[in-house]
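**Q** One structure coming up, written as structure tokens, with questions to follow.
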């Protein structure tokens, strides 16, 4: 059986177990740099036993850790039953029964040599009591005293069956401690443990064995051996081969033999961990500043793991949208998660969400797990631009041809923008009319700020009022319609008014009146060209005919040409009678026209009613 001891052995064991040491000319050389805090000094064991025939007993004094500077400790013999002088002297200490031991920088242990005097006197067991006091650059540990027991009889030797051993961590292992002769009493063997294997549990270095940093086992009286079970922990952590370094010291009834130290190497057989992203995807707003992408190793490793990372060229985000901080992650033993920092570059451009693909590569002390790539979606947080006409109104003559009506965005967009317009106004659309528009749906590519609606104004010869083409923004995708959403284009007419005259093809007429009934005669009034306006021509009727002789139907005068009409008629309705009378005349004279000019000819028509009675 074995048990844990605390106090001095625990302090020394924990510190020494935290660093790995190797012996070089009486020094322990650490793998890690020493601390600047002064170490503690103490005896390695609180007691030891020997017999006087051993000649020299080495009592070991240790520092808790390496010091960067020289350290000293004072020792003295404080008592005991053994004699330090005189004719019956039992021992002498090399260097004197009190003195100072000096630890050079990097040195962690010193041996105090106790020279024994062998005599032929039958005497009981004798003791030597030693004590330490701190000198310079040290503090005093718990094992500040040590008792040496000098046995009158030759003590059996206790030692390990072997000085070194090794085995896989999953292999059951025990360390046999042997005695060369049986003891009549129980022999308690204390031990202290150092080495690179962890004697205590921590996140960085999980427990490797259950010996602790110190303890003891008992060899029962009459027995020649005992097994020390290190309780090696079979874990799943990939880690370097580790050592358990055990030194034994029998408390009474025996003396340490030549193999008082055993170094056992625990051979690691665990596969390296897998390194991978914590998730395959994540998202972040572009205004967040940074994004943290977790990378994990599974399971925990006892080795330092590194992995490279970089941005792949498969994402839609450009180099100007983000950057990676660093190129490598390092997981020290015990660390299972590290973060990749992605620096985001905000902008004011409305654009599609973009992706950055980050990949892992070149793992050291690990394999690539799944997922080995991560897609970070950068969520755009910019509002869409507004779309407007650059002007609310413009004008152009009929002969202006094609006019481009400007459309603009409030800001450049990273998206494709489409918009549609509706067309209204007084002008008529289509070939043969006032204007044409080739399309009513338009596209603004990413990065472009302006667009245009082309209106082709058609030329004609018709005098007409100025007309309007009213364009209105009706729908938009990836943009909002702004306040300036209507444009009015005024088409300014450039045609002269038409001329008006009686149709030369219907000249003056002279016709007998007849004896009864009515006869209707038409006199055409014509425009030189059709007009887009209403043309009104007053007509003055004179002559010697009276109401009994003729009439002009209502609506014939004044002559009114509706837009697009070019021919109108004035009808003269003659009444027949049997009265003898002179010939009568109906004289029709065109007055000043509205929206037309009077021609230089054919402004008068005379209808003569010939008397036939």
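**Q** If residue 367 passes every condition in (1) at pLDDT 95 or above; (2) surrounded by fewer than 19 Cβ atoms within 10 Å (Cβ to Cβ); (3) under 18 Å from the mean Cα position of the chain (by Cα) but one, which one does it miss?
**A** (3)
**Q** Right, something else. Could you run through the range 584-609 and say how many residues are part of a strand (DSSP E or B) and either under 60 Å from the mean Cα position of the chain (by Cα) or closer than 22 Å to residue 505 by Cβ (or both)?
**A** Total meeting the criteria: 14.
**Q** Is one or more of the residues making up the range 51-62 without any contact (Cβ under 8 Å) to a residue 60 or more places away in the chain and loosely packed, with under 15 Cβ neighbours inside 10 Å?
**A** Yes: one or more hits.
**Q** Would you mind finding the one in 578, 554 that is farther than 24 Å from residue 504 by Cβ and modelled with pLDDT of 95 or more?
**A** One residue alone meets the criteria, 554.
**Q** Still on this structure, I have one more. Please verify whether residue 167 is outside any strand (DSSP E or B) and either modelled with pLDDT of 90 or more or not assigned by TED's automatic domain parsing to the domain that holds residue 56 (or both), treating the condition exactly as stated.
**A** Working: outside any strand (DSSP E or B): no; either modelled with pLDDT of 90 or more or not assigned by TED's automatic domain parsing to the domain that holds residue 56 (or both): yes.
No, not satisfied.
**Q** Right, here's the next one. Among the residues of the range 399-411, how many are in contact with a strand residue (DSSP E or B) (Cβ under 6 Å, 6 or more places away or on another chain) and closer than 16 Å to residue 436 by Cβ?
**A** 5
**Q** If residue 514 passes every condition in (1) free of Cβ contacts under 8 Å to residues at least 12 places away in the same chain; (2) on the phi > 0 side of the Ramachandran plot but one, which one does it miss?
**A** (1)
The values are calculated or read from the model by the stated rules, or taken from the named source; none is laboratory data. All figures in this text were calculated on a predicted structure; none of them were measured in a lab. All Cβ positions, even for glycine, are placed from backbone atoms using ideal geometry, and neighbour counts span all protein chains on display.
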